[in-house]
Amino acid sequence: MSALAAIRSVVDYESEVGKITQFMEKFVDAGGKKQAAMDEDASEAMVCELSPGESPAKYVNMLQRVANRSEDTVEISLDDVRTFEIESSGGHPPFAFASSLAYRIENNAKCYGELFSRAIDNLIPEPSESAMQDPEADVLDVLFQARRDRDRRDREVVQAAEQEIIKAIGTDGEGAHKQALGADLFPAILTRRYSVRFVPRANQAAQAVRDIGASQIGHLVTVRGIVTRVSDIRPSMIVAAYLCDSCGCEVFQEVKTRQFTPLTQCQSPRCTDNRSRGKLHKQTRGSRFLRFQEVKLQEMTDQVPMGDIPRTLTIHCYEGSVRKLNPGDVAHITGVFLPQPYTGFRALRAGLLADTLLEAHHIRPLKRRYDQLASELTPELYMRLAQLNRDPDVFGRVSRAIAPEIFGHDDVKKALLLLLVGAPTKRTKDGMSIRGDINICLMGDPGVAKSQLLRFVAKVAPRGVYTTGRGSSGVGLTAAVMRDSVTGEMVLEGGALVLADNGICAIDEFDKMDESDRTAIHEVMEQQTISISKAGITTTLNARTSILAAANPARSRYNPRMTPEENINLPAALLSRFDVLFLMLDRPNHDDDLLLARHVAWVHAHGRHPTAADLDGTAGAATPEEEIDMELLRHFIAGARARNPTLPRAVADYVVGAYVQLRQQYKSALDSAASRRVGGRSSIDTGVAANTRSNIGNTTPRTLLAILRLAQARARIRAADAVGTEDVDEALRLMDAAHVTLDSQPAGSSGIFGERQQRSDPVSSIFSIMTRQLATVQAVSASRTASMPQLNYSDILSRVRDAGFSEADLSRCLQQYEDINILQVNLTRTRITFVSAPTATD
């Protein structure tokens with residue numbers, strides 16, 4: 001096999017270091033100072049404005065801060081490099097980007113990172129006196145100072161001996177002593193107290209994980225995705241220090257791979273001359289470690305082609321890049337795309353294949369937290385927010401900005417705005433926490449935009465996770481036990497509820513979840529924690545999230561003649577944990593249908609939601625109010641969440657009085673229902689349950705906490721320092737509106753906050769008789785399964801007559817349930833076929 005041809009590199013790296021040094025010394029920051037530096041007079045004025053010891057050069061000041069230990073990262077902007085090259089071209093036309101220094105950095109970022117470090121080693125100034133007076137000196141600083149003193153003494157001894165040798169034998173021994181002297185110097189990476197990071201160009205587009213290929217190995221690339229997993233911060237060794245037990249010399253070994261073979265024998269000149277193999281002992285305090293964190297980045301949903309699954313990329317973060325990402329964050333990550341050979345037994349199976357990773361340099365989160373939004377207000381946004389807060393109808397105006405493309409549902413949108421704002425979390429002296437997050441459940445017919453509302457809220461929230469009940473499991477919602485790829489230990493990987501910590505978790509198709517998986521949400525909705533005891537790991541994870549759920553009816557459409565439990569098919573213990581429960585029905589109405597059709601047609605024609613003037617045809621007659629976009633809405637919510645309104649004594653007494661009145665109304669409804677059961681006919685063999693009242697909207701102590709949370713959230717929106725009685729009234733009105741929809745009946749409805757009359761109408765009673773008979777038939781003939789269960793018409797008629805109803809009542813019941821496609825009756829009226837088998841109800 002012939003040897004490979006040796007190709008000499010055409011890049012002069014020494015000249016590249018000179019260009020880098022010139023850039024860092026002379027580049028002046030962009031803006032007014034850079035423009036003023038072009039003129040001598042303006043430059044003098046600029047220097048006069050600078051503080052003592054400050055230089056107009058951007059990176060000279062940055063290196064001074066690094067020397068003073070106030071910063072540990074040198075961020076090199078490629079836009080600055082490109083700007084400096086164009087300005088220093090001497091008035092000639094700007095050369096092509098492909099021949100510029102910025103282009104070479106992008107295509108060989110790992111190598112140029114080392115070149116920048118060499119230039120910084122020569123440029124970094126001495127620290128100021130204030131930095132040297134730090135009482136908490138680092139251990140490495142003490143060691144380095146002791147090593148410098150020792151080297152200085154050794155250098156003086158060597159220089160003195162060298163002068164004597166030169167006098168005695170001439171200049172022949174000078175090179176050997178200089179070589180021995182250079183061998184005692186420390187590795188450059190050991191003495192660097194900084195890290196070099198490149199900031200990408202502003203016009204560099206972010207790529208998907210699947211778009212990064214082998215042609216970009218060593219390049220500086222930007223990738224967009226969602227963080228699914230973040231490891232703990234661990235020390236990563238880059239320089240190993242050893243001490244010889246024979247000669248006392250320190251030996252350093254630079255580590256550039258994940259695994260390395262430690263040195264065992266000393267190779268110092270003293271041991272070599274004495275022909276003694278000194279044994280090396282590793283010195284942990286003298287070694288150099290970097291903070292290391294591994295991040296898993298997954299493709300976004302819009303980046304995955306049809307039929308494929310999302311791909312994952314491993315991100316390695318060092319030093320200043322750690323702790324910048326959390327699970328659930330969506331970010332642009334810029335770094336060097338590098339190969340990583342397999343180790344151990346995986347290397348034997350992989351052969352020449354290698355894994356890939358991205359060494360992070362710059363991280364830009366796309367969804368900022370509420371506290372970050374509040375601190376990044378621009379003057380323009382501040383003026384818009386101040387004008388919005390002065391609006392007397394700020395609550396209604398901001399609520400209309402919630403999913404404006406969806407028509408109607410004003411009360412639902414107001415409740416969703418209160419969910420986004422939330423109430424402050426209370427913590428008592430004994431450590432008990434009272435949640436301030438609001439939980440809302442939307443129930444009702446298909447096609448009323450429940451899923452669109454959930455997606456909008458999850459998009460507005462900085463930490464919003466959207467999932468479906470059918471595609472979620474208990475492990476996927478809470479936490480899964482995984483094996484760490486780096487250490488091999490068993491670790492926990494958070495699920496949807498953990499990813500939505502300090503955010504919102506939107507769960508669609510809530511009724512499609514398995515009962516065993518649904519029980520995992522009980523603890524989260526009240527204690528806001530997840531207790532885990534798996535694989536020897538016993539811990540409690542935080543899940544301080546608001547639950548926004550949407551549930552569809554158990555059958556094709558909502559049946560108003562049945563209780564919400566029978567329609568939604570969810571346990572009352574789970575539904576009672578929601579602060580507000582809305583029932584969104586699709587009822588035909590001429591006026592509402594006309595407005596809805598106009599709204600939908602306008603959105604499809606113009607690509608935006610219409611205003612009132614647009615629908616009336618008077619767009620130019622009056623000046624419409626300013627539209628609240630997504631950015632303004634996020635900043636408004638961030639400002640509202642920063643407030644902590646108090647609860648005055650008078651308002652607290654008002655809430656107590658309202659709660660006691662609700663409890664008395666609830667007790668009266670219970671007593672009236674019990675008297676009706678005693679005075680009415682027996683429920684045996686009639687299909688009428690002994691207790692058919694709804695347990696969803698019962699007035700419990702959780703209702704009192706829900707009123708307080710809703711009132712405090714509305715006070716936050718009003719920018720009030722204290723909760724007012726109008727906030728309590730609005731909270732009561734929203735809960736009343738939600739309960740009225742829950743108790744909506746076509747006739748004879750007289751419930752208050754979840755109490756309904758006993759279900760004694762003939763249609764519902766006859767349908768219950770058929771449901772019971774169907775369950776009995778299916779239990780007896782379990783071996784003969786049919787796609788559509790059937791009942792004998794004559795058998796049902798006899799049971800209906802025994803219950804005290806007539807054949808006309810049976811015909812009316814069959815006609816009503818045929819209209820909603822629940823059952824069908826043949827032409828000869830001998831068989832009743834159920835299109836969708838109902839569940840047995842008591």
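The values are calculated or read from the model by the stated rules, or taken from the named source; none is laboratory data. Because the structure is a prediction, the values reported are computed rather than measured. Don't worry about glycine lacking a Cβ; one is built from the backbone with ideal geometry, like all the others, and counts go over all protein chains shown. We work out accessible area using only protein heavy atoms, side chains counted, and drop any ligands, DNA or RNA first. Shrake-Rupley method; radii C 1.70, N 1.55, O 1.52, S 1.80 Å.
A few remarks follow.
- Boolean, GLU489 is farther than 24 Å from LYS367 by Cβ and out of contact with any helix residue (DSSP H, G or I) (no Cβ under 9 Å at 6 or more places or on another chain): yes
- Flag for THR314 being touching a residue at least 24 places away in the same chain (Cβ under 8 Å) and not in a loop (DSSP other than H, G, I, E, B): yes
- Of residues in the stretch 804-824 being open to solvent by 10 Å² or more (accessible area, probe 1.4 Å) and outside any helix (DSSP H, G or I), the one nearest to PRO789 (Cα to Cα): GLN824
- Residue within the stretch 318-328 that is touching a helix residue (DSSP H, G or I) at 6+ places or on another chain (Cβ under 6 Å), on the phi < 0 side of the Ramachandran plot and of a type outside the set (Gly, Ala, Ser) present: yes
- Residues of the stretch 570-602 classified as small (Gly, Ala, Ser) and either more than 23 Å from ARG733 (Cα to Cα) or open to solvent by 50 Å² or more (accessible area, probe 1.4 Å) (or both), total: 3
- Flag if VAL230 is crowded, with 18+ Cβ neighbours inside 10 Å, within 20 Å of HIS362 (Cβ to Cβ) and either touching a strand residue (DSSP E or B) at 6+ places or on another chain (Cβ under 7 Å) or not charged (D, E, K, R) (or both): yes
- Some residue of the stretch 353-370 being out of contact with any helix residue (DSSP H, G or I) (no Cβ under 7 Å at 6 or more places or on another chain), without any contact (Cβ under 8 Å) to a residue 24 or more places away in the chain and surrounded by fewer than 19 Cβ atoms within 10 Å (Cβ to Cβ): yes
- Inter-residue pairs, beta-carbon under 7 Å, first closer than 22 Å to TYR194 by Cβ and in the stretch 281-299, second among the aromatic types (Phe, Trp, Tyr), 6+ apart: LEU290/TYR318; ARG291/TYR318; PHE292/TYR318
- Subset of the stretch 466-481 that is part of a strand (DSSP E or B) and open to solvent by 30 Å² or more (accessible area, probe 1.4 Å) - its residue that is modelled with the lowest pLDDT: VAL481
- Residue count for the stretch 501-550 satisfying the condition of being of a type in the set (A, V, I, L, M) and either open to solvent by 60 Å² or more (accessible area, probe 1.4 Å) or more than 19 Å from LEU420 (Cα to Cα) (or both): 8.
- Flag for GLY328 being free of Cβ contacts under 8 Å to residues at least 40 places away in the same chain and assigned to a loop (DSSP other than H, G, I, E, B): no
- Within the stretch 411-441, tally of residues that are touching a residue at least 12 places away in the same chain (Cβ under 8 Å) and either under 23 Å from LEU595 (Cα atoms) or basic (Lys, Arg) (or both): 7
- Here HIS316 meets each of (1) within 30 Å of ARG634 (Cβ to Cβ); (2) at pLDDT 90 or above with one exception, condition (1).
- The lone exception for GLN528 - which of (1) at positive phi; (2) without any contact (Cβ under 8 Å) to a residue 12 or more places away in the chain it fails: (2)
- Whenever a residue of the stretch 62-84 is surrounded by 17 or more Cβ atoms within 10 Å (Cβ to Cβ), its partners that are part of a helix (DSSP H, G or I) and among the basic types (Lys, Arg), lying with C-beta atoms within less than 8 angstrom and at least six residues away or across chains, give the pairs ASP80/LYS58; PHE84/LYS26.
- Qualifying residue in the stretch 338-347 (condition: open to solvent by 60 Å² or more (accessible area, probe 1.4 Å) and assigned to a strand (DSSP E or B)): yes
- Of all residues in the stretch 75-109, those that are over 17 Å from GLU16 (Cβ atoms), among the aliphatic types (A, V, I, L, M) and at pLDDT 80 or above total 1.
- Tallying residues that are open to solvent by less than 10 Å² (accessible area, probe 1.4 Å) and either over 30 Å from ALA554 (Cβ atoms) or touching a helix residue (DSSP H, G or I) at 6+ places or on another chain (Cβ under 6 Å) (or both) within the stretch 424-462 yields 8.
- The set of residues from the stretch 482-500 being crowded, with 20+ Cβ neighbours inside 10 Å and part of a loop (DSSP other than H, G, I, E, B) comprises GLY495, ALA500.
- Selection status of LEU710, at pLDDT 80 or above and open to solvent by 40 Å² or more (accessible area, probe 1.4 Å): no
- ARG270 within 20 Å of LYS324 (Cβ to Cβ), surrounded by fewer than 17 Cβ atoms within 10 Å (Cβ to Cβ) and of a type in the set (Lys, Arg): no
- Qualifying residue in the stretch 283-294 (condition: surrounded by 12 or more Cβ atoms within 10 Å (Cβ to Cβ) and more than 21 Å from MET237 (Cα to Cα)): no
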